[in-house]
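Chemist: So that we are looking at the same thing, I have put the structure below in structure tokens.
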Amino acid sequence: MRVLIVEDEVISSMYLEDRLRFWGHEVAGLAATGEEAIECAAQNNPDIILMDISLAGKINGIEAYSEIRKKWPIPVIFMTGYDTVQFRSQAEALQPSAYMIKPLNLAELKRIIDLMSAGAG
């Protein structure tokens with residue numbers, strides 16, 4: 001499974017990259033802003049996007065994914081450290097594969113990605 005990681009905290013991004021590779025997945029790119037996420041999705045053709053909702057830059061993860069899904073049918077796992085009713089309702093309107101609260105439960109993340117990978121194959 002090729003995973004695009006969209007996370008503006010460098011340590012978190014590097015840790016997720018390490019875990020995904022350890023689990024046998026390919027990292028299709030790293031992005032720290034919504035704008036970079038859209039560009040990486042266009043260039044790298046990921047199978048799934050692991051998208052933080054609160055990002056540096058002009059647009060957040062929800063807005064970035066909204067733009068991405070208009071062009072490409074790439075599933076998303078949203079992650080956030082700020083679980084608000086507004087974020088959750090906006091995210092759920094985009095029908096994510098999962099919505100995870102930080103700190104992430106890595107066993108749950110692995111289970112979700114493995115299920116998605118099995119469904120893709």
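The values are calculated or read from the model by the stated rules, or taken from the named source; none is laboratory data. None of the values given here were measured: they were computed from a predicted structure. Reconstructed Cβ throughout: ideal geometry from the backbone, glycine too, with neighbour counts over all protein chains shown. These area figures cover heavy atoms from the full protein model, side chains too; ligands, DNA and RNA do not enter into them. Shrake-Rupley method; radii C 1.70, N 1.55, O 1.52, S 1.80 Å.
Chemist: At 1.4 Å probe size, with the rest of the protein present, what percent of the exposed accessible area of the chain is carbon and sulfur atoms?
Modeler: 53
Chemist: How many nm is it between the label spots at Lys102 and Ser54, if each spot is 7 Å from the Cα in line with the beta carbon?
Modeler: The modelled label-to-label distance comes out at 0.7 nm.
Chemist: Counting residues in region 50-121 as N, plug N into 2.2 N^0.38 Å and put the Cα Rg over that result.
Modeler: Ratio of Cα Rg to 2.2 N^0.38 Å: 1.10.
Chemist: In whole Å, what is the distance between the alpha-carbon centres of region 13-46 and region 84-101?
Modeler: 20
Chemist: Where only protein heavy atoms count, and the probe is 1.4 Å, what is the accessible area per residue for the chain in Å²?
Modeler: With all protein chains present, the chain gives 52 Å² per residue.
Chemist: Once both labels are modelled 7 Å past Cα along the beta-carbon direction, what's the Glu39-Gln95 spacing in nm?
Modeler: That separation, rounded to one decimal, is 3.0 nm.
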